[in-house]
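Asker: Pasting a structure below so you can have a look.
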Amino acid sequence: MASHALKRMEESGISPENRTVLTIGMRLQGHLEDEGQKTFENLSSPSSVAGITVRVQEMLMILEEWRFHLSIDTVFLFYPEYLSGSSYRPSTQLLLPIDTLWLREIQSRPWLSRTLPIYRMDWDDLFAALLREYLFVSLYRAVAESSASENAGRLGAMQSAEKNIGDRLEELNTLFHRERQTTITEELLDILSGFEALREKEPNSRRE
């Protein structure tokens, strides 16, 4: 994810010193700073589903501060998009400003219901409310996808380790049985050799 984010930021043409970066998780922050990209702030990863909402609200407050105090109006969102099993792919979303092509694509979709929505709010207030919901949903999805990808990766690693342990135990059991069989065979050969030696000495003993 760090490599993906750095590549996309370089492609944007914004110099590293003019980038304001917010990270979720200490590992990502460490990877970015190792590559020379300073971070504005780092938030810890949510430990549960319930913690995602709290973390997203913190992110929204930080974005609000960026817009009004730092005059930042372009925000990219980088996150691991969960696919299946333990696989994911790095994904990029232009969070702000709103993608006009996306809005036009939504506008061109046919309305599936026979009932048209009505609203009583002023258009500016309604659009601001919809924008806040859009930001919340986008950030929530990104954090949820990231958590799902991380947990799936951990589960995959545990399953792989469990399989390796099972394979190793099977190998050791096979080796143990082989060594045990070899030991038993050697002991039987020793007994037979002793028995044969005694048989060879028995006639001589009788002659004497």
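Asker: Of the residues SER160, SER113, which single one is part of a helix (DSSP H, G or I) and more than 21 Å from VAL56 (Cα to Cα)?
Answerer: SER160
Asker: Looking at (1) of a type in the set (Phe, Trp, Tyr); (2) out of contact with any Ser or Thr (no Cβ under 9 Å at 6 or more places or on another chain); (3) surrounded by 10 or more Cβ atoms within 10 Å (Cβ to Cβ), find the lone condition where TYR79 falls short.
Answerer: Condition (2) is where TYR79 drops out.
Asker: For segment 3-17, state whether one or more residues are modelled with pLDDT of 85 or more, under 16 Å from PRO90 (Cα atoms), among the polar types (S, T, N, Q) and exposed (fewer than 13 other Cβ atoms within 10 Å of the Cβ).
Answerer: The answer is yes, given that some residue of segment 3-17 is modelled with pLDDT of 85 or more, under 16 Å from PRO90 (Cα atoms), among the polar types (S, T, N, Q) and exposed (fewer than 13 other Cβ atoms within 10 Å of the Cβ).
Asker: Still on this structure, I have one more. Filter segment 85-110 down to the residues that are in a strand (DSSP E or B) and open to solvent by less than 80 Å² (accessible area, probe 1.4 Å), then identify the one that is farthest from SER149 (Cα to Cα).
Answerer: Taking the candidates together, the pick is LEU96.
Asker: Write out, first by first residue and then by second, each pair whose Cβ atoms fall under 6 Å of each other, whose residues are 6+ apart or on separate chains, and whose first residue, in segment 184-200, is free of Cβ contacts under 8 Å to residues at least 60 places away in the same chain while the second is in a helix (DSSP H, G or I).
Answerer: none
Asker: Could you tell me whether segment 88-96 includes any residue that is β-branched (Val, Ile, Thr) and more than 25 Å from the chain's Cα centre (by Cα)?
Answerer: no
Asker: Can you say whether ALA142 is touching a residue at least 12 places away in the same chain (Cβ under 8 Å) and in a helix (DSSP H, G or I), as far as the supplied structure shows?
Answerer: It is true that ALA142 is touching a residue at least 12 places away in the same chain (Cβ under 8 Å) and in a helix (DSSP H, G or I).
Asker: Hey, PHE76 hits all of (1) at pLDDT below 85; (2) under 29 Å from ARG27 (Cβ atoms) but one; which does it fall short on?
Answerer: Single failed check for PHE76: (1).
Asker: Another one. Of the residues GLU170, GLU186, GLU133, which is within 30 Å of ARG55 (Cβ to Cβ), of a type in the set (D, E, K, R) and open to solvent by 60 Å² or more (accessible area, probe 1.4 Å)?
Answerer: Within the list GLU170, GLU186, GLU133, the selection yields GLU133.
Asker: I would also like to ask the following. Does segment 18-41 hold any residues that are modelled with pLDDT of 90 or more and exposed (fewer than 13 other Cβ atoms within 10 Å of the Cβ), and which are they?
Answerer: none
Asker: To continue, here is another question. Restricted to segment 111-130, and to residues that are open to solvent by 60 Å² or more (accessible area, probe 1.4 Å) and among the aliphatic types (A, V, I, L, M), which residue is nearest to ARG67 (Cα to Cα)?
Answerer: LEU130
The values are calculated or read from the model by the stated rules, or taken from the named source; none is laboratory data. Just so you know, these numbers come straight off a predicted model, no measurement behind them. Because the Cβ atoms are built from the backbone with ideal geometry, glycine has one as well, and the counts that use them run over all protein chains shown. Note: areas computed on protein heavy atoms with side chains; ligands, DNA, RNA excluded. Shrake-Rupley method; radii C 1.70, N 1.55, O 1.52, S 1.80 Å.
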